[in-house]
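These notes concern the structure reproduced below.
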Amino acid sequence: MAPTTWILSVVNVPRCLRDARPIVSKEIITFVDASIQAYGAASYLRCHYEDGTITCRLIASKSKVAPLKPITVHRLELMSAVLGLRLTQRIAAALEVPLETVNFYSDSMDVLWWVRGRGRDFRPFVANRIGEIQLTSEPSQWQHVATGENPADL
């Protein structure tokens, strides 16, 4: 038996988002990130069970290639935040999870500053995207994550 075959035979990927045990709470956690080449988001379901255990499983991810027209990384980070918001809205509707239990994480302090600001104070590109974010989420739902710990950074 080849070493790679043996390694693949012990890999176990759970197909269910949660275990069959009683759940105390569940929440959706979405990470967003961007680079010059692309931007994306990854959403996870975090379940807390009655026995005190917690599981966290990837639900979905989405990425897009950056536009051909040069655009700043700050704006791409904002576009990833909108992408993550839209992805999370679809997931929350499908899983019947209230949007109040959702948390977003970004490694961009600019995006977090924009989300906490007033949309009409910015230029149209930023104002339109911030308006969409503020319409469906609260600024307190947007948190900072270190770049090295951001799963969407891949």
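For Pro139, all conditions in the list (1) crowded, with 20+ Cβ neighbours inside 10 Å; (2) touching a Lys or Arg at 6+ places or on another chain (Cβ under 6 Å); (3) not hydroxyl-bearing (Ser, Thr, Tyr) hold save one; what is the number of the exception?
Here Pro139 meets the rest and fails (1).
If you check every pair at least six apart or on different chains, which have Cβ atoms under 9 Å apart with a residue in segment 4-22 that is farther than 19 Å from Ile59 by Cβ and modelled with pLDDT of 70 or more first and a residue that is part of a loop (DSSP other than H, G, I, E, B) and not hydroxyl-bearing (Ser, Thr, Tyr) second?
Going by the 9 Å Cβ cut-off, the qualifying pairs are Ser9/Met1; Pro22/Glu50; Pro22/Asp51.
Select from segment 45-56 the residues that are in contact with a strand residue (DSSP E or B) (Cβ under 8 Å, 6 or more places away or on another chain) and open to solvent by 50 Å² or more (accessible area, probe 1.4 Å) and write down the one among them that is nearest to Ala94 (Cα to Cα).
The qualifying residue nearest to Ala94 (Cα to Cα) is Arg46.
For residues that are of a type outside the set (A, V, I, L, M, F, W, C) and open to solvent by 40 Å² or more (accessible area, probe 1.4 Å), scanning just segment 142-154, find the one that is nearest to Leu85 (Cα to Cα).
Result: Gln143.
Only one of these is over 16 Å from the mean Cα position of the chain (by Cα), open to solvent by 10 Å² or more (accessible area, probe 1.4 Å) and more than 14 Å from Ser35 (Cα to Cα): Asn128, Asn103. Name it.
Asn128
Might you let me know whether segment 82-94 holds any residue that is under 20 Å from His144 (Cα atoms) and modelled with pLDDT under 95?
no
The values are calculated or read from the model by the stated rules, or taken from the named source; none is laboratory data. Values in this document were obtained by computation on a predicted structure and should not be read as measured data. FYI the Cβ positions are ideal-geometry reconstructions off the backbone, even for glycines, and counts take in every protein chain you see. With ligands, DNA and RNA removed, areas are computed over all heavy atoms of the protein, side chains included. Shrake-Rupley method; radii C 1.70, N 1.55, O 1.52, S 1.80 Å.
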